[in-house]
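Single-structure report; data block below.
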Amino acid sequence: MTGIAKRAGTRGGAASERILHGLYLLTFAAVLALVMLPISALIYGSFRTSAPGEPVGEWTLRNYENLASQGVLNSMWTTLWIGLVSAAFCIILGTALALVVHRTDFRWPRLMTTLIGLAFYFPSFIVAMAWIIMGSPGGVVNAVLGDLLGLEWPRVDIYSAFGIVFVSVLHQVPFVYLTVRGPIIHMDASYEEAARAAGATPMTVMRRVTLPLLGYSLASSFILVFVLSIEQFAVPALIGIPGRVTMLATQLYLLVRFSPVDYGLAAAIGLALSAITGAAIWAQRRITRAGRLTTVTGKAGRVAPIPLGRWRWAANLFCFGFISLALLLPMVILIYTSLLRWFTANPFAGMYTWRNYVFMWESDSTWQSLWNTLIVSGVGAVMGVTLGLMCSYFTLRLRPKGHGWLDLLVVLPFGVPGIVLGLGLLWAYAFLPLPLYGTIAVIIVAFVTRFLPYATETVGGQMVQIDRSLEEAAWVGGANRLRAAQRIILPLIAPSVQGAYFLLFMAFFREISAAILLYSANTKVISISIWAFFEQANWGQASALSVATTFVIFAILLVIGWLVSAGRRF
């Protein structure tokens, strides 16, 4: 502690120090319970032969022995290669989109960024449902090829490993675009200008200068997309289960939901999947910390855009073609399906009706799921941001004894897939004397735990940039630590706190994997209701609810954008 900090503690600061110490202990205990309870319960369950909550059962190593069975090994291999292939395609397409939009004289960069942002928030399970309607054996694409064009070949079948990769890439390319967009925009132009002055062609500059400078960002994004691909549940379940393509996340779900159930093996598979994602996250953080190049300075100007020339049509086709596949076409097909009395791939033979929307409007269960979603998103986001703010302050500013362990605990959920976390909570609250199982509270707990790192990363990213001299000036003026944090830190990080709340609200609103094993009839959220309709082959009502949910999400995004712009004006 510095001399100024010591004086801050003596000037009426003893009470504030006790308050902060108490808050630190409460924060540490809360994070410890949120993170370690499901993980510990999962470890316990992996050594048991019984289901959660059953007193009978034996200790066993059989669950880990079964990880070496042919079925689990096949699922693991399928998970790994689908993750690697999806990540590779996402990096190629996402980087290409960002380079075309921000490194050339592309005419609509703002429009494209907005559309890609909307595609990023388009829920993955809704994208998967839309492409199932289009690409299933009895879907729209085969109807067009066969009935309208009279072609017996080719035939499309989305129920395959290729289908999982295809939909995963459509959903995750926007993530890569948004990740590499910042480094591309703010990259020091002098590197590329020097290469051009030496006679290098635009393609040579791109290959020999721009891409190498983005190397660490691309490697980090590749690992994150790999993690997102192997931990996802909805896309592999909707597409893979009918096509008998089993990934680890779907195998865990099948072991818990369908007979014969095997909770112990499911727990062991969950821990194995968490080990893979945890190792990948560790590698990504090592790359982020160790591989930092100075590509942003205050000296260079904006790089001259590369003229597209005769290739403008190709750039436009590439950009708007992707948006059509990832956003526009799925929305059109969902709207079309929602207006049909019975599904038909031929729009001219369809019987159109508002029945699905009327049912949705009059359904008490739909309104209940919407109300549950708003409660989970609104209340859960407040809890997540508050806890994330406290964790960021204690690990980055105050740094009390044991803060390193708190930082580690906060990061751990990054490596735990949502469905694995849900299974851990299923084990934990089946034994604990807390009336949480089957309530909306357990879903809030699951979501807060899963997305807590997002809140800490968002708030901490701005908090770490605040110079300590500002707090020290407040201490010199007689303020204690608590007052300095209230008057100095909080106002400066208010935009990031607001951003973290909106980020968590949107994440909670469309999350399904952490809730799929925890919901009950009275605690369904919107994502679960859509899933249930589609699982019952009720495509019309699933599409109607998907369309309504998507418009709600986009409306929330518009409100968020308006609030952010209004905040900047004031």
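Under 5 Å between amide hydrogens, built in the peptide plane, is the criterion, and for residue 306 it picks out 104, 105 among residues at least 5 positions away or on other chains.
About its Cα centre, what dipole magnitude does the chain give when the only charges are +1 on Lys and Arg Cβ and -1 on Asp and Glu Cβ, stated in debye to the nearest 20? Let's see the in-between values first.
Values: 38 positive and 22 negative charges, 400 e Å.
Here the size comes out at about 1920 debye.
Given a 1.4 Å probe and the protein chains as shown, residue 262 ends up with an accessible area of around 40 Å². Just to confirm my numbers, what's the Cα centroid distance between region 25-84 and region 100-169 in Å? Cα centroid to Cα centroid, the span is 35 Å. With the convex hull of its Cα atoms as the shape, region 132-269 has an orientation-averaged projected area of 12.9 nm². Placing unit charges on the Cβ atoms only, positive for Lys and Arg and negative for Asp and Glu, gives region 324-428 a dipole magnitude near 280 debye about its Cα centre. Think of region 64-356 as having a plus end and a minus end, set by charges on the Cβ of Lys, Arg, Asp and Glu; of 307, 164, 75, 307 sits farthest toward the positive end of this dipole. Fully extending the segment from residue 65 to residue 342, taken as 0.36 nm per residue of separation minus the present Cα-Cα distance, adds 94.9 nm.
Across the alpha-carbon set of the chain, the Rg to Rh ratio works out to 0.99, Rh being the Kirkwood radius. Whole-Hz Karplus values for region 417-430 come out as x, x, 5, 5, 4, x, 5, x, 5, 4, 5, 5, 7, 6 Hz, taken residue by residue from phi with 6.51 cos²θ - 1.76 cosθ + 1.60 and θ = phi - 60°; glycine and proline positions read x. Starting from a Cα-only point model with no solvent, please compute log10 I(q)/I(0) by Debye for region 478-518 at q = 0.27, 0.30, 0.31 1/Å. Log10 of I(q)/I(0), two decimals: -0.86, -0.93, -0.95. Each of 150, 403, 537 was placed along the dipole of the chain (beta-carbon charges, centred on the mean Cα), and the one lying farthest toward the positive end is 403. Amide H contacts for residue 340 (H built 1.01 Å from N in the peptide plane; partners 5 or more residues away or on another chain; cut-off under 5 Å): 353. Considering region 64-356, its Cα convex hull presents a mean projected area of 19.8 nm². Couplings 3J(HN,Hα) of region 29-37, computed from phi: 5, 5, 5, 4, 5, 4, 8, 7, 4 Hz, in residue order, whole Hz [Karplus 6.51 cos²θ - 1.76 cosθ + 1.60, θ = phi - 60°; x for Gly and Pro].
Roughly speaking, to the nearest percent, how much of the chain's 1.4 Å accessible area is carbon and sulfur?
Values: 17450 of 26300 Å².
That share works out to 66 percent.
Our coupling estimate for region 377-388, obtained by passing each phi through the Karplus curve with A = 6.51, B = -1.76, C = 1.60 and θ = phi - 60°, is 5, x, 5, x, 5, 4, 5, x, 5, 4, 5, x Hz, Gly and Pro reported as x. Taking every DSSP helix (H) stretch of at least 4 residues in the chain, weighting each as -39,500 (n - 2.57) and dividing the sum by the residue count yields a mean residue ellipticity at 222 nm of -22000 deg cm²/dmol.
Between residue 178 and residue 254, the contour length at 0.36 nm per residue exceeds the Cα-Cα span by 24.0 nm. Using Cβ point charges alone (K and R +1, D and E -1), the dipole size of region 64-356 about the Cα centre works out to roughly 920 debye.
Placing dummy labels 7 Å off each Cα toward the beta-carbon, the span from residue 288 to residue 320 is 3.7 nm.
Accessible-area rank, largest first, for 361, 539: 361, 539, with all protein chains present and a 1.4 angstrom probe.
Which whole-number percent is the relative contact order of the chain (Cα, under 8 Å, 6+ apart)? Intermediate values should be presented prior to the final figure.
Values: 759 pairs, mean separation 128.2, N = 570.
About 22 percent, as a whole number.
Evaluated at 4 °C with a viscosity of 1.567 mPa s, what Stokes-Einstein diffusion coefficient in µm²/s does region 302-460 have when Rh comes from the Kirkwood expression over alpha-carbon pairs? Show your work: numbers first, answer last.
On the way: Rh = 20.8 Å.
Translational D for this selection: 62 µm²/s.
Quick one: Debye curve from the C-alpha atoms of region 445-570, no solvent, what's log10 I(q)/I(0) at q = 0.13, 0.14, 0.17, 0.23 Å⁻¹? Taken in order of the listed q values, log10 I(q)/I(0) reads -0.72, -0.79, -0.97, -1.28.
The values are calculated or read from the model by the stated rules, or taken from the named source; none is laboratory data. Nothing here was measured: the structure is a model prediction, and the numbers come from that model. Note: ideal-geometry Cβ built from the backbone for every residue, glycine included; neighbour counts use all protein chains shown. Each accessible area value is taken on the protein alone, full model and side chains, heavy atoms only, with ligands, DNA and RNA left out. Shrake-Rupley method; radii C 1.70, N 1.55, O 1.52, S 1.80 Å.
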